[in-house]
Every structure is written in C-alpha cells, then in structure tokens.
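A quick write-up on the structure given underneath.
The values are calculated or read from the model by the stated rules, or taken from the named source; none is laboratory data. The structure presented is a predicted model; accordingly, all values stated were derived computationally and were not measured. When we count neighbours, we look across all protein chains shown, and the Cβ atoms used for this are built from the backbone with ideal geometry, even at glycine. We work out accessible area using only protein heavy atoms, side chains counted, and drop any ligands, DNA or RNA first. Shrake-Rupley method; radii C 1.70, N 1.55, O 1.52, S 1.80 Å.
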Amino acid sequence: MSLKNFTFAQICQMIIVPAFFDTLKMLLISGILSTVFGFVFGVILTVTEKGGLYENVVVNRILDFIVNTIRSFPFIILMVSIIPFTRLIVGSSIGDTAALVPLTVACTPFMARIFQNSFKEVDPALIEAAQSFGASKWQIVFKVMLKESVPSIISGLCLAIINLLGATAMAGAVGAGGLGAVALTYGYQNFNQEIMYSICVILIILVAIIQYFGDWIYKKLK
Amino acid sequence: MIEIKNLKKVWEDDGTSVLEDINLTIEDGDIYALVGRSGAGKSTLLRCINGLTSYQGGSLTVDGCEIKNLKDKELREFRRRVGMIFQHFSLLERETVYQNIALPMQCWKYSKEETDKKVKELLELVGLNDKMNAKPRNLSGGQKQRVAIARALTMEPKILLCDEATSALDPKTTNSILELLLEINQKIGITIVIVTHQMEVVRKACNKACILEQGRIADEGTVRDIFIKQPLSLRRLLGEEEIRLPKQGHNIQIAHMVNDIRDGELFGKMSKELDYVFPILDGKIQEYQGDSMGIFVINVDDDHLEVVTQYLDERKINWREMREGMNEKEGETAPCH
C-alpha cells in the first residue's frame, strides 16, 4: 500500500499527529528527568567546588570528568553506544520509551552545566550574608542560590529543551518514534517532500513556541 | 564583650600573614571602628568575629565563647546573635523588602505571626513601612542599606558588624545611616563594630577606634584621644600633606577643643599673658560627635619653649613637639577639658 492513496489530511491524522505526541512525550519526560538529575549534579558540582559549601575536590573532579565525557559524544553515537545500558533499564532499545534513556543521559550533563553556571552567577556576597545570619548550607542552596538564579536557570532550560527537541528527532533515526522518525522514513526515504517539510515546519513552530514561552517566563521572573 | 588576644591569621593557600598580634577589647555598647587602608586586614578581622573566616593563632572570644572552637551547628547558633551588614547591601534582588527582612527568621523557622510582627516593627524602625513590597532594585542605596540593617536586626543580635557599610553611599546618605546606627545603639544597646576607611564615619559615629596597618594594630583607643594625639598612623591614613616646618625653634602641635566661642581666644590670651608673639603655622577644626576639635601648629623659639609648654600643661591642653613629621616629645596626655 502506498501513501499515494491517502490525502495529506489523512496522512496527518494517521502519522504526523501521533508522531507529534510521541515527540512531545519524549521531550516532556526526558526534559523533566534530565532537569531533576541535572539539578542534583549541578548542585553537587557547585557545592563541591574549591571554596564551595562542601568543598570536595575529588568528587568535583570525577563529576566534572563524567559531565565532560558525556557532553563530548555526538548524540547519535551516544545513543547507539549505550544500547546495553538502555536494554538494562527499559528492557528494549527500540521505541520512544527506550529513547528516553539516551535522551536523558545526553541532556543531564547539559542541564547540570546550566544549573552550575546559573549558581556561579549568584553573588558570593549573598552567600556570605546568608551565612552571617546562620542559614544552613541547604538553606543557602535553596533559599538563596536557587531563588536568585531562577531567571537564569529558566533561560538555560529553554536552551536545553530546544537542544533536546533536536535530539528526539535524531533519535528517530535509530529506532525511536516521533517526528524525526516520520520525517526520515516517510519523508526522506520515501521521497515524500510534503511530509518531510511539513515536519520541518512543525519543528520550527515548536522551537519558536518554546523560546517564546521561555522568554516570557524569564521576563516575568526577572 | 569581644576580647581579642594575640590573634594571628595567615592565608591558607600561600601562607602570607594577614593579621598578626591583634589585641583589643570591645565592650558592650561600644561603637568600635576598625580603620585602615584597603588591604590592612580590617574586613578580615571583622569576619573573624563572626567566624566567617578562621584564624590560626591567639584567641577571639565573644562573651567568653571562643569562636575557633565552635562547631558547625554551634557556629550557626552563635551567628544568630551577631548581625552583619555589607558594603553592597547583599540583598536578594528578586525578593521584596519584606521577604528579605523575613529571610533569617524563615531560616530559623519562626512562626508566620512572629515573623510578620518583627518585620513590621523593624520596617518602622528603619523608616521603610511604605516600601514593604518594593524590590531592592527600586530602592536607593541608602534604603537598601536600611533594609540590610533591618535584616541584620531580626534575630535581636547583641553585636552588629558593619563591613564598609557606608562606603558606597553619598555623604548625606552616609550621615542618615550613621544616625540610624547611633539610634539603634542607644535604643537597644547593641555593640557595633564598624569597618571603614572613611574618617568622618569614625568621627561621627564611633567612641573607640583601632587603626590597622599591614595586619597589625598601629594605634588604639578612644576616638577622642586618637584625634587629639594625631598619631602617625592616623596622619598616614588621612594622607595629609606634611606641612613644611621651619628649621629654627620648636614646632608645637596643639589639640584644643573649640566648642565655646571663648575657646578660640587661647592663642590671643597666651600671647598676651606670656608677652610673646609666635607664628601659627597650621590650623584646622574638625567636627567630632558634636565637639569641635582644633588642631594647630605654632612655632616657639628656644627661650620661650618652657613658658609656653608650662602654660599649656597648666591648662591641661594637649601638645606635642613635631620634628620632621615624627612625634617625639609628648605633652600631657590627659584628655582636653
């Protein structure tokens, strides 16, 4: 059966719309997961730094090395190279659930750096002031550093989510579903320019929405 | 009471000495100034008092409690009793004035009602009731420092540390902040330690001072005495040009209160009574906590040195002979009447 037998509206309904939701699902879940992990690693990277609240050079170096290593992998290589790990966690390496693992693994170090950089920008005098009235280390992290750097974190997250969107599309090439897979298999490999470019348009619109939304929150919070 | 004995601090990374052999006592209710040029170690000494930085030798006790020995939790508990304000205010930019002041109480888990009551009371004290919901970026420098003072006072501290708190403010605002500090000092009897390089801050607000030079105490005492004696460290700090002193005769520096209009008659009277005319080489009058202090330099010849110094001693007026910018022979050290 060829796609030629269907109208564009039908193709949209059958293929593009479900793929869109698959992409959204991957984006949302791996986005949330990598934000959570990224926050944890970002905090650890910040507090263990030299002169930090819990100075620990060894932990800092190790974590820094891991973050740099993962970030130096092109996503597509990372995705195939961690297939055994993916299988271990979700039991399969194909489909959008399986894609969540490499997506999260790839995005977490990026998120960690975003948190770390945002925390770094917090004026050290503020931390000293908090210490001067007896705030605990965790209160300093949550009530001072996190609170003060929210706008900067938001714009960083926006950047990371857009990056992640690109990664979900790439994941489509190696077995994950979503818009990327559709654009490649139904569009590129099937010489169907209509599908391919309409997905491009959808991606452009998605990116624009994310960026606009991010900017809007940033302005509200600043 | 803050007692510092033989305190010594070196930077851990390169071993350079920051503070050495610091001995001083700050009594309850004092407004104590730590003055010195930048890099003299005054801010570091201030941070030793509330344990924001450590020291390697000697002892620093606050009400008998050795700061060096405090462990994490005890140190935090101790810091509740020591407020601190900073040169650049150190307020959370994204929070309102109210939230900024409430922050220490939230950290110490006070109830909402208690916090609310205290914050409003302090807003009243610093005169910012109408700015409760403003963000720091919409406030002037002076208002920001008022917020910082209110925040420092939330835990009802016994000591308030001020780290160059007025250095970023214009003279008029500086005065209003100093007035506020004096008011707080009188109202609640809080001990205030002020780190500054501005001598007018010392003159207007402090009763005692210590001049630090390269990590050591150069001079220490009541502000009044320091200004009367004009030690070398003070003159160096003020960066005043040395006046050119004549080689002949004796150059006598006289510190003399000129509060009353009749105080200004000193030289006229002296000249008349001793039947001796001498030149006045230099003279200036400085305000010091409501007092006006005159610092004069006169030149006396060998024949009249004794009668002049005797005349001054009889009236308990501070004098000292100046020689090539060094203090040599000191006169009576009793404070001026």
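Every condition in (1) open to solvent by less than 20 Å² (accessible area, probe 1.4 Å); (2) modelled with pLDDT of 90 or more is met by B:R76 except one, and the failing one is (1). Only a single criterion out of (1) more than 12 Å from chain B (Cβ to nearest Cβ); (2) surrounded by 20 or more Cβ atoms within 10 Å (Cβ to Cβ); (3) of a type outside the set (S, T, N, Q) is not satisfied by A:A130, namely (1). Being out of contact with any Asp or Glu (no Cβ under 8 Å at 6 or more places or on another chain), open to solvent by 50 Å² or more (accessible area, probe 1.4 Å) and more than 18 Å from B:L232 (Cα to Cα) is the filter; apply it to the stretch B:308-337 and report the residue that is modelled with the lowest pLDDT. In this case the residue turns out to be B:H337. Flag set for B:T61, criterion: part of a strand (DSSP E or B) and either of a type outside the set (K, R) or at pLDDT 90 or above (or both).
Just one of (1) touching a residue at least 24 places away in the same chain (Cβ under 8 Å); (2) not in a strand (DSSP E or B) fails for B:G268. It is (1). Residues that are open to solvent by less than 40 Å² (accessible area, probe 1.4 Å) and on the phi < 0 side of the Ramachandran plot were ranked within the stretch A:133-144; the one that is farthest from the other protein chains (Cβ to nearest Cβ) is A:V141.
Before we move on, is B:Q230 out of contact with any Lys or Arg (no Cβ under 6 Å at 6 or more places or on another chain) and modelled with pLDDT under 80? It would help to see each step written out before you state the result.
Working: out of contact with any Lys or Arg (no Cβ under 6 Å at 6 or more places or on another chain): yes; modelled with pLDDT under 80: yes.
Taking the combined requirement at face value, the residue satisfies it.
Among the residues of the stretch B:43-57, is there at least one that is part of a helix (DSSP H, G or I), open to solvent by 30 Å² or more (accessible area, probe 1.4 Å) and within 14 Å of chain A (Cβ to nearest Cβ)? The answer is yes; a qualifying residue exists.
Among the candidates A:K147, A:K120, the residue that is farther than 30 Å from A:A98 by Cα, more than 12 Å from chain B (Cβ to nearest Cβ) and open to solvent by 20 Å² or more (accessible area, probe 1.4 Å) is uniquely A:K120. Looking for something buried (at least 20 other Cβ atoms within 10 Å of the Cβ), within 21 Å of B:D28 (Cβ to Cβ) and modelled with pLDDT of 85 or more - is there at least one such residue anywhere in the stretch B:247-261? Checking the stretch B:247-261: not a single residue is buried (at least 20 other Cβ atoms within 10 Å of the Cβ), within 21 Å of B:D28 (Cβ to Cβ) and modelled with pLDDT of 85 or more. Residues of the stretch A:165-222 that are within 14 Å of chain B (Cβ to nearest Cβ), open to solvent by 70 Å² or more (accessible area, probe 1.4 Å) and not basic (K, R): A:Y218 alone. Of the strands (runs of 3 or more DSSP E) contained entirely in the stretch B:189-244, those carrying at least 2 residues that are within 12 Å of B:V35 (Cβ to Cβ) and not β-branched (V, I, T) fall at B:208-213, B:216-222.
Of all residues in the stretch A:14-21, at least one satisfies being surrounded by 12 or more Cβ atoms within 10 Å (Cβ to Cβ) and either touching a Gly at 6+ places or on another chain (Cβ under 7 Å) or not in a helix (DSSP H, G or I) (or both). One residue alone among B:V202, B:V195 is at pLDDT 85 or above, open to solvent by less than 20 Å² (accessible area, probe 1.4 Å) and within 14 Å of another protein chain (Cβ to nearest Cβ), and that residue is B:V195.
Looking for something outside any loop (DSSP other than H, G, I, E, B), open to solvent by 70 Å² or more (accessible area, probe 1.4 Å) and touching a helix residue (DSSP H, G or I) at 6+ places or on another chain (Cβ under 7 Å) - is there at least one such residue anywhere in the stretch B:285-300? Quick ask: steps written out before the conclusion?
Our first condition is that a residue be outside any loop (DSSP other than H, G, I, E, B); within the stretch B:285-300, this holds for B:285-288, B:291-300.
Next, only the ones that are open to solvent by 70 Å² or more (accessible area, probe 1.4 Å) stay: B:285, B:287.
Remaining after also requiring touching a helix residue (DSSP H, G or I) at 6+ places or on another chain (Cβ under 7 Å): B:287.
Yes: the stretch B:285-300 contains one or more residues that are outside any loop (DSSP other than H, G, I, E, B), open to solvent by 70 Å² or more (accessible area, probe 1.4 Å) and touching a helix residue (DSSP H, G or I) at 6+ places or on another chain (Cβ under 7 Å).
Restricted to helices (runs of 4 or more DSSP H) entirely inside the stretch A:104-220, those with at least 3 residues that are in contact (Cβ under 8 Å) with a residue 40 or more places away in the chain and either under 13 Å from the mean Cα position of the chain (by Cα) or closer than 30 Å to A:G51 by Cα (or both) are A:147-171. Checking the stretch B:223-230 against the condition returns a match, with at least one residue being more than 14 Å from the chain's Cα centre (by Cα) and open to solvent by less than 30 Å² (accessible area, probe 1.4 Å).
Given the structure, is B:G141 within 20 Å of B:G51 (Cα to Cα) and among the small types (G, A, S)? Answer is no for this residue.
Note on the stretch B:79-89: among residues that are under 19 Å from the mean Cα position of the chain (by Cα) and open to solvent by 60 Å² or more (accessible area, probe 1.4 Å), the one that is nearest to the other protein chains (Cβ to nearest Cβ) is B:H88.
Suppose we filter B:L237, B:L305 for residues that are surrounded by fewer than 18 Cβ atoms within 10 Å (Cβ to Cβ) and in contact (Cβ under 8 Å) with a residue 12 or more places away in the chain; which single one remains?
Working: B:L237 fails: surrounded by fewer than 18 Cβ atoms within 10 Å (Cβ to Cβ).
Result: B:L305 is the single residue among B:L237, B:L305 that is surrounded by fewer than 18 Cβ atoms within 10 Å (Cβ to Cβ) and in contact (Cβ under 8 Å) with a residue 12 or more places away in the chain.
Check off (1) open to solvent by 60 Å² or more (accessible area, probe 1.4 Å); (2) farther than 27 Å from A:S152 by Cβ for A:N68 and give me the number that stays unchecked. It fails just one condition, (2). All told, B:T96 meets the bar of being among the β-branched types (V, I, T) and modelled with pLDDT of 90 or more.
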